[in-house]
Amino acid sequence: MQGGSNRLLTPKQVADWLQVSEITVKNKYRTWGLRPQKVGRLLRFRERDVVAYLDDHYG
């Protein structure tokens with residue numbers, strides 16, 4: 001497994017990590033290629049997917 005864990009992050013946690021607004025995450029996650037995990041009606045993102053995105057685009 002490449003960096004990160006299977007821990008699920010809320011859009012707010014991802015936004016804080018990336019230093020963008022929560023609205024930006026909700027509007028751009030498809031463009032960024034992040035696959036959401038639905039928990040009921042809520043969006044969650046796997047930490048490893050966010051790490052992979054950052055590695056592919058910025059690292």
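Taking the 1.4 Å solvent-accessible surface of the chain as the whole, the part contributed by carbon and sulfur is 47%.
Does the chain come out rounded, prolate or oblate by the C-alpha gyration tensor, with a ≥ b ≥ c the root eigenvalues, rounded set by a/c under 1.5 and, if not, prolate when a/b is larger than b/c and oblate if not? The partial results should precede the final answer.
On the way: a/c = 1.64, a/b = 1.18, b/c = 1.40.
Judged from the Cα gyration tensor, the chain comes out oblate (a/c at least 1.5, b/c at or above a/b).
Restriction of the trypsin sites (Lys or Arg not before Pro) in the chain to DSSP coil positions whose beta-carbon has at most 14 other beta-carbons within 10 angstrom yields ARG7, ARG41. Per residue of the chain, the DSSP helices (runs of n ≥ 4 H) give a summed -39500 (n - 2.57) that works out to -15500 deg cm²/dmol at 222 nm. Accessible surface area normalised per residue over the chain is 71 Å², counting heavy atoms of protein chains with a 1.4 Å rolling probe.
The values are calculated or read from the model by the stated rules, or taken from the named source; none is laboratory data. Note that the structure is a prediction, hence the values are computed from the model and not measured. Positions of Cβ are generated from backbone atoms using ideal geometry, with glycine treated the same way; all protein chains shown enter the neighbour counts. When the accessible area is computed, the model is the full protein with side chains, heavy atoms only, and any ligands, DNA or RNA have been set aside. Shrake-Rupley method; radii C 1.70, N 1.55, O 1.52, S 1.80 Å.
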